[in-house]
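The values are calculated or read from the model by the stated rules, or taken from the named source; none is laboratory data. Since the structure is predicted, the reported quantities are computational estimates derived from the model, not experimental observations. All Cβ positions, glycine included, derive from the backbone under ideal geometry; neighbour counts span all protein chains shown.
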Ligand SMILES: [Zn+2]
C-alpha cells in the first residue's frame, strides 16, 4: 500500500457542483477511510493552479455559462491532460462529462470546445432527460463494477461516442447518452450522466477509483444504509420504466 | 363602493370562479383557489389587471422567504387600513388573482409571486414597488436555471420602467436582474448562500468576493452602493438611508434570515410612505407564517414546524435549531412539489447537526440517512415518527417541543388543519 495519502482534487465545485456533486468527493473520502486509506482533498476554485500530480480528479454538473467558463479555464491550464498522461483517474459527471469530450453545446446551442480527453461529442437531445437512470455496467474489465449503476439524470445533452472510448454501461431505464448507452470510459477517464451523487449510490465505482490510486484491487465494503438506498432506487427506476 | 376599474365581465368571472371554488371545496378537493382562479381567468383573460386596478402596493419575489417577507410587509402595511394579501403561500397567477378577488375590496394589495410567474404578474398588476430578495437553486428538475430567471426579471424591469425596485445588493444575481430599473433602492440584506452566484451572470467570469463585497473583472460589474443596511449580532438591526437604526430584536420569527427579510420589508414601507417605527412594532406581532415556525401537535409529539426547500433555506434553518444533543426530526420527500431529485441534500451542511441523533423520515429518508452517515451524524430511520409506538431516541418524548424540518409536501401534511395549532 502507498505510504502517502491518496490525493483527490475537486475541480471547480463552485462552477461544476449544481447537483450535489460535492457528494462524490465526500464519498471518496468516506469509503477511503472505511478501507483504512488516508485521503487528502484539494478543492480548486477558478484562478487557482491545478496540480498535475494528484491521483483522482472529480468534477460535476453545472449551468451552461459555468460549464463554458470551466472548460476554458481547464484548456488554458492543461493540467488535467498532463495528469491523465501520468496515470491519474478522472470522474466527470454531466456537464463535466460533456466538457471532457471534443465539443458540447453552449447556452446559445453553439458548439464549444472541450478538452478532448474522451473521444465523444455532445449536441442536444430532442427533449431534456430528467429522472432515475439505471444502467448495467459492461466490459467489467475496465472498472471493477459488477453491479447495476444507479443515479438521477438531468441534462439536455445527447453524447455520441467515437471509436476511442467504450460506453460505461447499457441503459436499462432512463436516457443516458441517448442511444441506449450510458457514459464513456477510456483508460482511467470516466464520464457519466449519473448523479445523485454517483459515488454515493455506486460505492463500487469509488472503490475502482481508489484501487487505481493505490495500485491494488479493493474488496468491496458494504454499508447497510447505502445498500438499502441502492435497493430502493433501483426498484423505483424499474417501476417507472 | 363600485370598483370603477373592474369590468362587468371580470365581475361575472369572479362570481363563477367563487362558485367553482365552493364546489371544489364541497367535493373535498382542497381550498378551491386554483380551480376558482382558473375559471375566472378562462372567462375574463384580463381579470388580473382589472382586479389590480392600480391598487397593488408591492409584489414580493425570491427563491427563499417570500411568504414570510410578504406576511411581515402586509402586517406592517396594515397600519394604514386593511390590506389584500394571500392567506396561504399560493403565489402563482391563480393565487394572486384569488387574493385580489376575495380580499378587502379596493384595499392596497401586497402579494407574493413565484419567481417564474413574476414577469407576467407584474405586467398585469403594475405594482408601485417590487421587492427582489434572493435567487438560488431550487428544484432544478422543474425550474429554469437561476441565470435564465434573472434574465427574465431584467427584461421585465426594462419593459415596466415605472415600478420602484427594492433589491438585495448582496446577491449578485438579484443585482444583475435589478440594475436596469429606473428607480432602485439597494439593500445590503446579506447572502449566506453564495454557491449559485459564483460566476457573473452577464459574462461568465468568476466573481471576486471580499466579505459581502463582490465584483466582476470581466465586465466591471460590482456590488451597488446600498442605502439600507442589515446588521446581525444575535438579533438584527435595520439601518435606513438617513442612518436611523431600527432594532429588530422584538421580531418573533426566528433567525438571521427573518430579520433580513424584515429589513427589506422596512425599505418597502419607506417607499410606501408608512410609519417605520409602527411597521417594526406590527412586524413583531407575527409569530408564524402559514404554518412556518408554528408549534403543532403531530400524533404523539409536539413539534415546531420548519419548512425548507433547498440548500440555501436549509443552511439557515440549521442555525435556529437548539444545540446538540437535542434530537431533531427531518422529513425529506421527493413528490412533485418538493422536486423529484433530492441530491441537493449533499449541498446542505448537515455536519452542523453532529452530536445529536436525527430522526430521518419521509419518502427519501434513505437518501437522508446516507447523507447523515457521511456527515458523521447519528440517525435513526423511522417511517412514521409520530406514531404512538415509534421507537424514538432516548429523551425525545420528554421534550416539550421538538424541531421538525420538512420539505414542502411533508410540511403541508403536518400543518393540516386537523393538527390543532397551539397558541404560543
Ligand atoms: Zn461580468
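Scanning the stretch B:170-208 for residues that are within 15 Å of the ligand (Cβ to nearest atom), in a strand (DSSP E or B) and surrounded by fewer than 22 Cβ atoms within 10 Å (Cβ to Cβ) yields B:206, B:208.
For residue B:158, the requirement of being over 24 Å from residue A:20 (Cα atoms), at pLDDT 85 or above and crowded, with 19+ Cβ neighbours inside 10 Å is not met. With the structure loaded, tell me whether residue B:342 is within 14 Å of another protein chain (Cβ to nearest Cβ), closer than 30 Å to residue B:373 by Cβ and under 17 Å from the mean Cα position of the chain (by Cα) or whether it fails that test. Taking the combined requirement at face value, the residue does not satisfy it. The numbered conditions (1) within 14 Å of chain A (Cβ to nearest Cβ); (2) modelled with pLDDT of 90 or more are all true for residue B:311 except (2). Could you tell me whether the stretch A:228-240 includes any residue that is surrounded by fewer than 21 Cβ atoms within 10 Å (Cβ to Cβ) and either part of a loop (DSSP other than H, G, I, E, B) or away from every other protein chain (no Cβ under 14 Å) (or both)? Within the stretch A:228-240, one or more residues are surrounded by fewer than 21 Cβ atoms within 10 Å (Cβ to Cβ) and either part of a loop (DSSP other than H, G, I, E, B) or away from every other protein chain (no Cβ under 14 Å) (or both). Please verify whether residue B:355 is over 18 Å from residue A:224 (Cβ atoms), in contact with a helix residue (DSSP H, G or I) (Cβ under 7 Å, 6 or more places away or on another chain), more than 12 Å from every other protein chain (Cβ to nearest Cβ) and touching a residue at least 24 places away in the same chain (Cβ under 8 Å), treating the condition exactly as stated. Considered against the rule, which asks whether it is over 18 Å from residue A:224 (Cβ atoms), in contact with a helix residue (DSSP H, G or I) (Cβ under 7 Å, 6 or more places away or on another chain), more than 12 Å from every other protein chain (Cβ to nearest Cβ) and touching a residue at least 24 places away in the same chain (Cβ under 8 Å), residue B:355 comes out as no.
State whether one or more residues within the stretch B:258-276 are under 19 Å from residue B:134 (Cα atoms), out of contact with any strand residue (DSSP E or B) (no Cβ under 8 Å at 6 or more places or on another chain), away from the ligand (no atom under 16 Å from the Cβ) and outside any helix (DSSP H, G or I). No - not one qualifying residue is present in the stretch B:258-276. Being within 14 Å of chain A (Cβ to nearest Cβ) and buried (at least 22 other Cβ atoms within 10 Å of the Cβ) is the filter here, so list the residues in the stretch B:314-332 that pass it. Scanning the stretch B:314-332 gives B:314, B:332. Residue check: residue A:67 meets all listed conditions (1) in contact with a helix residue (DSSP H, G or I) (Cβ under 8 Å, 6 or more places away or on another chain); (2) part of a loop (DSSP other than H, G, I, E, B) but one, namely (2).
Conditions (1) at pLDDT below 90; (2) crowded, with 22+ Cβ neighbours inside 10 Å; (3) under 30 Å from residue B:77 (Cβ atoms), marked per residue:
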{"residue": "B:297", "(1), (2), (3)": "no, no, no"}
{"residue": "B:339", "(1), (2), (3)": "yes, yes, no"}
{"residue": "B:368", "(1), (2), (3)": "no, yes, no"}
{"residue": "B:372", "(1), (2), (3)": "no, yes, no"}
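When we screen A:131, A:116 for residues that are surrounded by fewer than 22 Cβ atoms within 10 Å (Cβ to Cβ) and within 14 Å of chain B (Cβ to nearest Cβ), the only hit is A:131.
Answer yes or no as to whether residue B:202 is under 19 Å from the mean Cα position of the chain (by Cα) and touching a residue at least 24 places away in the same chain (Cβ under 8 Å). Here the answer is no, as residue B:202 does not meet what is asked.
Any residue in the stretch A:194-202 that is in a helix (DSSP H, G or I), within 17 Å of residue A:7 (Cα to Cα) and out of contact with any helix residue (DSSP H, G or I) (no Cβ under 8 Å at 6 or more places or on another chain)? The answer is no, given that none of the residues of the stretch A:194-202 is in a helix (DSSP H, G or I), within 17 Å of residue A:7 (Cα to Cα) and out of contact with any helix residue (DSSP H, G or I) (no Cβ under 8 Å at 6 or more places or on another chain). Against the list (1) in a strand (DSSP E or B); (2) away from chain B (no Cβ under 14 Å), the condition residue A:150 fails is (2).
Has the stretch B:232-249 got at least one residue that is touching a residue at least 12 places away in the same chain (Cβ under 8 Å) and within 14 Å of chain A (Cβ to nearest Cβ)? Checked against the condition, which is being touching a residue at least 12 places away in the same chain (Cβ under 8 Å) and within 14 Å of chain A (Cβ to nearest Cβ), the stretch B:232-249 yields no hits at all.
Scanning the stretch B:209-241 for residues being part of a strand (DSSP E or B), more than 16 Å from the ligand (Cβ to nearest atom) and surrounded by 15 or more Cβ atoms within 10 Å (Cβ to Cβ) gives a total of 9.
Step by step: first the residues of the stretch B:281-301, then only those that are assigned to a helix (DSSP H, G or I) and in contact (Cβ under 8 Å) with a residue 40 or more places away in the chain, then the one that is nearest to residue B:392 (Cα to Cα). Which residue is that? Result: B:283. Within the stretch A:4-46, the set of residues being surrounded by fewer than 18 Cβ atoms within 10 Å (Cβ to Cβ), free of Cβ contacts under 8 Å to residues at least 12 places away in the same chain and within 11 Å of chain B (Cβ to nearest Cβ) comprises just one member, A:33.
Criterion applied to A:164, A:156, A:180 was being in contact with a strand residue (DSSP E or B) (Cβ under 7 Å, 6 or more places away or on another chain), more than 15 Å from residue A:114 (Cβ to Cβ), surrounded by fewer than 23 Cβ atoms within 10 Å (Cβ to Cβ) and at pLDDT below 95, and the one residue passing it is A:156.
Annotation note: of B:386, B:350, the sole residue that is more than 9 Å from every other protein chain (Cβ to nearest Cβ) and in contact (Cβ under 8 Å) with a residue 40 or more places away in the chain is B:386.
Within the stretch B:224-235, one or more residues are under 30 Å from residue A:72 (Cα atoms) and modelled with pLDDT of 95 or more. Within the stretch A:212-225, one or more residues are surrounded by fewer than 17 Cβ atoms within 10 Å (Cβ to Cβ), more than 13 Å from the chain's Cα centre (by Cα), over 21 Å from residue A:41 (Cβ atoms) and within 14 Å of another protein chain (Cβ to nearest Cβ). Residue selection: residue B:304 satisfies the criterion of being away from the ligand (no atom under 16 Å from the Cβ), under 24 Å from residue B:350 (Cα atoms), outside any helix (DSSP H, G or I) and at pLDDT 90 or above.
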